[in-house]
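Every number here is computed from the coordinates shown, using simple stated rules; none is lab data. If you're wondering where the values come from, they're calculated on a predicted model, not measured in any experiment. Cβ placement follows ideal geometry from the backbone for every residue including glycine, while neighbour counts extend to all protein chains displayed.
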Amino acid sequence: MARSITITAYDRGWKASFEKEAAQLHCVLGANAVQIHHIGSTAVPGLWAKPIIDILVEASDLHAFDALSPTLNGLGYQARGENGIAGRRYFTKGGEARTHHLHVYPQGSDNVLRHLCVRDFLLAHPQAAVAYGEMKRACARQHGNVPLAYADAKDKYVQALEQQAIRCHFDRLERTAGPLY
């Protein structure tokens, strides 16, 4: 059965689901999991989303992390390799009815910053979150039975959102840092 894209209203249980999963992952990954973050649309209260919890792990040693793949499989995670992003380890949980996506990057990766900037931008800018949710709903109505078409339809919007979020992050850092002399 092919997956289809379903966008649902925010569910307050997503935060608890993340926290439960993060605790299990922390026990399994130990010190190699420097940080475990809730990312993606389910991390933003009020945002319409696919009901899939996105989890980002900052790993201190990506190669050591690779050795834990069989352990993650025991928790229901299926390894998907880099899945189009160099330096990432990507896992899905829940089979065709996915419940979780696990993104693992080396600590300090630009991809970690990108994900966290988007999440934090949407948390700080509710109007942007509403607009993003509406765009996702429209794409799902048009392309919901073809996941790749859905992803392609929202790609330019997401890239622009990422750039805006990263600019906002660095602008905020510049304002708070003050003069360098």
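Between THR99 and PHE170, the modelled label-to-label distance comes to 4.0 nm, taking each label 7 Å out from Cα in the direction of the beta carbon. Subtracting the Cα-Cα distance of GLN163 and ALA16 from their residue separation scaled by 0.36 nm leaves 50.0 nm. Both radii are taken from the alpha-carbon atoms of the range 13-173; with Rh as the Kirkwood radius, Rg/Rh is 0.95. In straight-distance terms, cross-link reach from LYS20 covers every one of the lysines whose alpha-carbon lies under 17 Å from its own, apart from those fewer than eight places away in the same chain; here that gives LYS93. Computed from backbone phi, the HN-Hα couplings of the range 43-53 come to 8, 10, x, x, 7, 5, 7, 5, x, 10, 7 Hz, rounded to whole numbers (Karplus: 6.51 cos²θ - 1.76 cosθ + 1.60, θ = phi - 60°; Gly and Pro given as x). Here's the picture: charge each Lys and Arg Cβ at +1 and each Asp and Glu Cβ at -1 in the range 13-173, and of HIS101, SER41, CYS139 the one pushed furthest to the positive end of that dipole is CYS139. When the scattering of the range 84-181 is computed by the Debye formula from its Cα atoms alone, each counted once and equally, what is log10 I(q)/I(0) at q = 0.17 Å⁻¹? With one equal scatterer per Cα and no solvent, log10 I(q)/I(0) is -0.98. So the label point goes 7 Å from the Cα of SER60 along Cα→C-beta, right? Which residues of the range 13-51 then have their backbone N under 16 Å from it? Correct set: 26-36. Amide H contacts of VAL146: ILE5, each under 5 Å away and 5 or more positions distant or on a separate chain (H built 1.01 Å from N in the peptide plane; Pro and chain starts excluded). Using the alpha-carbon positions of the range 136-181, Rg (one decimal) and Dmax (whole number) come out as 17.0, 56 Å. Look at THR92, THR99, THR6 and count the other Cβ atoms within 10 Å of each Cβ; fewest to most, that gives THR6, THR99, THR92. Once each of the GluC sites (Glu not before Pro) sitting in a DSSP loop with at most 11 other beta-carbon atoms within 10 Å is removed, the chain keeps 97-181 as its longest stretch. Using the rule -39500 (n - 2.57) for each DSSP H run of four or more residues, divided by the residues of the chain, the 222 nm mean residue ellipticity is -16500 deg cm²/dmol. Pull up the cross-link candidates among the aspartates and glutamates for LYS156, meaning alpha carbon to alpha carbon under 17 Å and not fewer than 8 places away within one chain. Filter leaves GLU134.
Take ILE85, ILE39, ILE5, ILE53 and order them by how many other Cβ atoms sit within 10 Å, fewest up front. Walk me through the numbers before you get to the answer.
Numbers: ILE85 13, ILE39 21, ILE5 17, ILE53 28.
Ranking ILE85, ILE39, ILE5, ILE53 by Cβ neighbours within 10 Å, fewest first, gives ILE85, ILE5, ILE39, ILE53.
For the range 133-181 versus the range 74-113, the inter-centroid distance based on Cα atoms is 19 Å.
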